[in-house]
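Remarks on the structure that follows.
The values are calculated or read from the model by the stated rules, or taken from the named source; none is laboratory data. None of these values were measured; they are calculated from a predicted model. Counting neighbours? That spans all protein chains shown, and the Cβs are built from the backbone with ideal geometry, glycine included. Accessible surface is based on the protein model in full, side chains and every heavy atom, while ligands, DNA and RNA are left aside. Shrake-Rupley method; radii C 1.70, N 1.55, O 1.52, S 1.80 Å.
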Amino acid sequence: DFIVIAQDPKSAEAALYSTAIVDVRLEKFASKKYGNPSAVAYTPDARQILLATDQGLHIIDAKTHKLLQTLPLDFIPTEMIMSSDNYYLACANDHNVTVYNFEERKPRKSWSFEETVNAMAFSEDNSEFGILTDDGLLNIYDTRSYGLKHSIEDLGQGLDFDFNFD
C-alpha cells in the first residue's frame, strides 16, 4: 500500500491506495476529521501511518486505518522521516527541524535555520542525523546528545544527501 497527499486549488487530501489493485483507494483521510495534510510517512516496521496536518501529528494503525493518537507539533511539517529503529521521528518545513523521541512522544531537539532545509537523514545505524540546507551546509549530529559532530561546507546548492552504510 502507499499513501498520497494530493492538492487541488481548493484543498489537499491524503488517501491510501493498494499496490495490488490498480487505482483502488482503500481509505481517504478526510480533511474535516484530520485537518489539511502536509506530510506523511510509514513507520519503518509498517505498523503505523504518520499523517502530519495543520491539526497535529495523527498516528494511524496501518492495518485497520483507525486513529490511535494525535500529538501536537511545533510547526506544520512538509517532510518527515523516522530512524530505522522506530525511535526518532524528524519533522521539517522550510526553516525548521524537530526530532522527536517517538517512543516517549516528546520533542528531543529543535533547530531553526536562516536557509531553507532541503534534506535530512539518519545514518544506517541511527547514530548520526544530518541536516542539509540550501546554502550547501551539511551538519551532522550525534543522536545520543544531538550535539554537532561536524559540518561540511561549500557543497553548492545542497539539494539532497544520504549516508553510506559504512
message: For a quick check: with amide H placed at 1.01 Å from N, whose amide H comes under 5 Å from Ala62's, ignoring anything fewer than 5 positions away on the same chain?
response: Gln48, Ile49
- request: Between Asp162 and Phe2, take the C-beta separation as r, use R0 = 25 Å, and let me know the FRET efficiency to the nearest 0.05.
  value: 0.75
task: Please build a GNM for the chain, connecting alpha carbons under 10 Å apart, and tell me which residue among Ile59, Ile49, Ile21 fluctuates the most.
output: Ile21
- request: Using a 10 angstrom cutoff on alpha carbons, build the Gaussian network for the chain and name the most mobile of Lys149, Lys106, Lys33.
  value: Lys33
Count, lysine Cα pairs under 18 Å in the chain, 8 or more residues apart or across chains: 8
- prompt: If you place +1 on the Cβ of every Lys and Arg and -1 on the Cβ of every Asp and Glu, how big does the dipole about the Cα centre of the chain come out, in debye to the nearest 20?
  reply: 1080
- prompt: Out of these labelled values of Rg/Rh (Cα atoms, Kirkwood Rh), [x] 1.11; [y] 0.98; [z] 1.07, which was calculated from the coordinates shown here?
  reply: [y]
query: Roughly how many percent of the accessible protein surface of the chain is carbon and sulfur, given a 1.4 Å probe and a whole-percent answer?
result: 45
statement: Asserting the computed 222 nm helical MRE of the chain (DSSP H runs at least 4 long, -39500 (n - 2.57) per run, divided by residue count, to nearest 500) equals -500 deg cm²/dmol
- request: Just name one of Ala121, Ser84, Phe165: the one whose Cα is farthest towards the positive end of the charge dipole of the stretch 72-166 (beta-carbon charges, Lys/Arg +1, Asp/Glu -1).
  value: Ser84
message: Just the number: Rg to Rh for the stretch 25-92, Cα atoms, Kirkwood Rh, two decimals.
response: 0.93
